[in-house]
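Since the structure comes first, as structure tokens, the remarks are kept for the end.
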Amino acid sequence: MTGFSDRQAVSSYRARTLQLVPGLHDLHRMTGVLLAERAPGDARILVLGAGGGMELEVLSRMQPGWRFVGVDPSAAMLDLAKTSLGEAVSRMQFHQGYIGTAPEGPFDAAVCLLTLHFLPAPERLTTLRALRSRLKPGAPFVSAHYSFPTDGAAPDTWLSRSAAFAIESGVPASQAIQNIAGLRERLPVLSPDQDEALLGDAGFSDIELFYAAFAFRGWVCVRSGTSGTGGDAV
């Protein structure tokens, strides 16, 4: 759980994330497929938590007409994204900060992968509402992050499975166990039901689970309503 300003953590981010997140490459490709169901060929896409650039790399390859605005609080992680995107970086704009630093839009779609699990529920809801306000009505939004049942012994079960997957992916056992201990202590993980409820409260509709991989879940939904703020529905 090293901070994203640590040089070693940043340099190893891409390889480490592949070891921790089952089907990460497929998650990125599925995200592109889901966005393309509604986003036009010349779409402008908001990517919250864009540091590292892994999803930007895949999405820009899948859709050469899309343009992207990436937001991330870590300057070092944004630098990593810029250096990994090659010529596609010409279709990117980057903003260091949180959702409040993103342009107002409106955007044709938005993505937030492996990011929202860092935020407690109230801050997560505020972030989702601010993101929604930057989308066109009916625009798709894809999110994925740690989300698993939180009652009783369920968290221990799912985190143990995640640790076992990491070990099978080449992470030393001691490190995998240490990572899981950090997750328990520091991440305000919500259950899938709570995550879906927050999306609805933030003003998204047609919420569908499309990705479930041990301790991770991913959803696709659309921005409902016609006004720019709040969680109002049509």
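The values are calculated or read from the model by the stated rules, or taken from the named source; none is laboratory data. Worth saying up front: this structure is predicted, and the values here are computed from it rather than measured. As a convention, Cβ positions derive from the backbone with ideal geometry for all residues, glycine included, and neighbour counts pool all protein chains shown. Side chains included, ligands, DNA and RNA excluded: accessible areas come from the protein's heavy atoms. Shrake-Rupley method; radii C 1.70, N 1.55, O 1.52, S 1.80 Å.
Placing unit charges on C-beta atoms (Lys and Arg positive, Asp and Glu negative, everything else neutral), compute the dipole magnitude of the stretch 112-187 about its Cα centre in debye, rounded to 20.
About 500 debye.
Roughly how many debye, to the nearest 20, is the charge dipole of the stretch 21-81 about its Cα centre, given +1 on each Lys and Arg Cβ, -1 on each Asp and Glu Cβ, and no other charges?
180
With each label point set 7 Å from Cα along the Cα-Cβ vector, what nm distance links Q175 and F210?
3.2
If you place +1 on the Cβ of every Lys and Arg, -1 on the Cβ of every Asp and Glu, and leave all else neutral, what size is the dipole of the chain about its Cα centre, to the nearest 20 Debye?
480
Between A164 and R186, how many nm apart are label points set 7 Å from Cα along the C-beta direction?
Here the modelled spin labels are 2.6 nm apart.
Counting helices only, and only those DSSP H runs with n ≥ 4, report the 222 nm mean residue ellipticity of the chain as the sum of -39,500 (n - 2.57) divided by its residues, in deg cm²/dmol to the nearest 500.
Estimated from H runs of four or more residues: -12500 deg cm²/dmol.
Taking the Cα centre of the chain as the origin and placing charges on Cβ (Lys, Arg +1; Asp, Glu -1), which of G52, P149, G86 is farthest toward the positive end of the dipole?
Among G52, P149, G86, the one farthest towards the positive end of the dipole of the chain is G86.
Counting only protein heavy atoms and a 1.4 Å probe, tell me what percentage of the chain's accessible area is made up of carbon and sulfur.
For the chain, the apolar C and S fraction of the accessible surface comes to 52 percent.
Less than 17 Å from a label point 7 Å out along the Cα-to-Cβ axis of S12: which backbone N atoms in the stretch 169-203 qualify, by residue?
Backbone N within reach: 169-183.
Name the residue farthest towards the positive end of the dipole of the chain from the options H25, A166, P122, assuming +1 on Cβ of Lys and Arg, -1 on Cβ of Asp and Glu, about the Cα centre.
Final value for the positive-end residue is H25.
What FRET efficiency comes out for the pair E123/E87, r = Cβ-Cβ distance, R0 = 41 Å, nearest 0.05?
Working from the Cβ atoms, E equals 0.70.
Please calculate how many Å² of accessible area the chain carries per residue, with a 1.4 Å probe and no DNA, RNA or ligand atoms counted.
45
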